[in-house]
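Q: Can you keep this structure in mind? I'll have questions shortly.
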Amino acid sequence: MAFLGFSAGLPFLLVFSTLTAWLRDEGISKSAIGFFAWVGITYSVKVFWAPVVDRLPVPYLTTRLGQRRGWMLVAQLGIASGLIAMAFVGTGNLVLLSLCALLVAFSSATQDIAIDAYRIEAVIDEYQGAMSASYILGYRIALLVAGAGALYLAEYFTWPAAYIAMASLVAVGVITVLLVAEPEKDKSLADTSTEQRVIGLLVGGQLNRLQRIEAWFIGAVLSPFLEFFERNGRFALTILIFIAVFRLSDIAMGIMANPFYLDMGYSKTEIANVAKIFGFFMSITGSAICGVLVVKWGILRPLLVGAIAVAATNLFFAALSTLEPRVEYLAIVISADNISGGFAATAFIAYLSSLTNRAYTATQYALFSSLMTLPGKFISGFSGLIVDGYGYFEFFVFAALIGLPAIFLVLLLMAHQDSS
């Protein structure tokens, strides 16, 4: 699971903050950089093709590897191809570069769908915490490699060389997929009663070819959503709104992090050492603390602590924007940001996994994770305009304020749990 987490985390920064550092280093305007955040919306709309990954077999590969592993391998080949294409295109043609980044993001999002389903299906509920922790560890190591590692390579070689090196590391995921076993679904945990009822009502008993296609569509596309709303009733909408706003604050500011460090006067080496390497260990620390507290408190109280901490750390960035560029100031802010981010992410993954019905693992989790990032990705596309129009201080204060709804909704979830 740690190696699959590495495979999932590797491409993310390469179409996000590492890409923005490359663009800024080449003199691209902050407004143009901000619009590159919309490439990341691909991760937020993966729910639309999750039913295909959930149910449709990949020719030859599904027979040989299984449903989850077959889709993982196809996605990994797409990631490697897109990264190599980005290296050869460069920043001379931003439209073509964005299309190559889109291929990476689409393939990466597809891999995420398959890996998330694999993680939930591979073990029973009692071990999901361990699977999430292993996944996050691998994911964070990949962020370190794609962040600090790419910055080091760009500093001492070139940006295209850095992206080709990152493409070669996709082999970690490919080898893992070829070695691990396909998970066997525990049918006793998969409740398909809603699906069978809807198919019986709309299609009937004897099925011709067209009706079989209709039944597949109902089972793969409609039933995951109907089952979730039936299981949670009127409170389902509140849960979905909470998922949509929980990460607004950190995603909205993330696209401007590296341009902010560079504009403040920090070198790429300082950014790699402090924001990436030191930040990695702080993130792991936050994840470990949260893992202990989830066992002690359950999920919702750590979620509340994470929501408050993530919003508050944006104010640290606002304060940093008013200070001279000293490494110790950066280290303090990075410590707060990464501890809170690791803490919040661990609690949130555990919460999302607890909402999933194993009959529709890939589709339901894709719905949750898509909602988790879509609003933040959309808002972050305008981040460069806010920075250009007002400045970094005002931008980070705004990022802190949009974290307030998440805090309120966690309190609402806690009240609902106490009353049920």
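Q: What's the lysine pair count for the chain at a Cα cut-off below 22 Å, pairs eight or more apart or interchain?
A: Values: Lys30/Lys268; Lys30/Lys276; Lys30/Lys377; Lys46/Lys377; Lys268/Lys276; Lys276/Lys377.
Close lysine pairs under the 22 Å cut-off: 6.
Q: If contacts are Cα pairs under 8 angstrom and at least 6 residues apart, what is the relative contact order of the chain in percent? Don't skip to the end; give the middle numbers.
A: On the way: 646 pairs, mean separation 117.5, N = 420.
Over the chain, the number comes to 28 percent.
Q: Right, next: Could you give each residue of region 16-21 its phi-based ³J(HN,Hα) in whole Hz, using Karplus coefficients 6.51, -1.76, 1.60 with θ = phi - 60°, and x for Gly or Pro?
A: Karplus-based 3J(HN,Hα) across region 16-21 equals 10, 6, 5, 5, 5, 5 Hz.
Q: Continuing with the same structure: Counting only residues 5 or more places away or on other chains, whose amide H sits under 5 Å from the amide H of Val180 once H atoms are built in the peptide plane?
A: HN-HN under 5 Å from Val180: empty list.
Q: Using mean Cβ contacts within 10 Å as the protection proxy, how do 38-49, 66-77 order, highest first? Could you put the intermediate results ahead of the total?
A: Numbers: 38-49: 20.4, 66-77: 23.2.
The peptides rank, most packed first, as 66-77, 38-49.
Q: Would you please report the Å³ per residue occupied by the convex hull of the alpha carbon atoms in region 1-149?
A: Values: hull volume 17.0 nm³, N = 149.
That works out to 114 Å³ per residue.
Q: Can you tell me which of 82-91, 8-17 comes out highest on packing, and rank the rest after it, using the mean Cβ neighbours within 10 Å?
A: Details: 82-91: 20.0, 8-17: 26.3.
Averaged packing, sorted descending, gives the order 8-17, 82-91.
Q: Once every DSSP H run of n ≥ 4 in the chain is given -39500 (n - 2.57) and the sum is divided by its residues, what mean residue ellipticity at 222 nm do you get, rounded to the nearest 500 deg cm²/dmol?
A: Values: 25 runs with 313 residues, N = 420.
So the helix-based figure for the chain works out to -23500 deg cm²/dmol.
Q: If you take the charge dipole of the chain about its Cα centre, with +1 on Lys and Arg Cβ and -1 on Asp and Glu Cβ, which of Leu293, Ser17, Ile239 is farthest toward its positive end?
A: Ile239
Q: Sticking with this structure for a sec: Can you tell which of Lys296, Lys268, Lys276 shows the greatest fluctuation in a Gaussian network model of the chain with Cα springs below 10 Å?
A: Lys296
Q: What's log10 of I(q)/I(0) for region 345-420 at q = 0.14, 0.22, 0.27, 0.28 Å⁻¹, Debye sum over Cα points only, no solvent?
A: With no solvent term, the Cα-only Debye profile gives -0.65, -1.09, -1.24, -1.26.
Q: Output wanted: per-residue J couplings in Hz (rounded whole) for region 384-396, from phi through Karplus 6.51 cos²θ - 1.76 cosθ + 1.60, θ = phi - 60°, x for Gly and Pro.
A: Residue by residue, region 384-396 yields x, 5, 5, 5, 5, x, 10, x, 5, 4, 5, 4, 6 Hz.
Q: Same structure again: Sort largest first and round to whole Å: the equivalent ellipsoid semi-axes of region 2-419, each the square root of five times a Cα gyration tensor eigenvalue. Let's see the in-between values first.
A: On the way: eigenvalues 250, 131, 74 Å².
They are 35, 26, 19 Å, listed from largest to smallest.
Q: For region 61-70, just list the computed ³J(HN,Hα) in residue order, Karplus coefficients 6.51, -1.76 and 1.60, θ = phi - 60°, integers in Hz, with x standing in for Gly and Pro.
A: Per-residue couplings from phi come out as 5, 5, 5, 7, 10, x, 4, 6, 5, x Hz.
Throughout, read-outs are computed from the coordinates displayed, never taken from laboratory work. Treat the numbers as computed from the prediction; the structure is a model and nothing was measured. With ideal geometry, Cβ positions are generated from the backbone for all residues, glycine too; neighbour counts draw on all protein chains shown.
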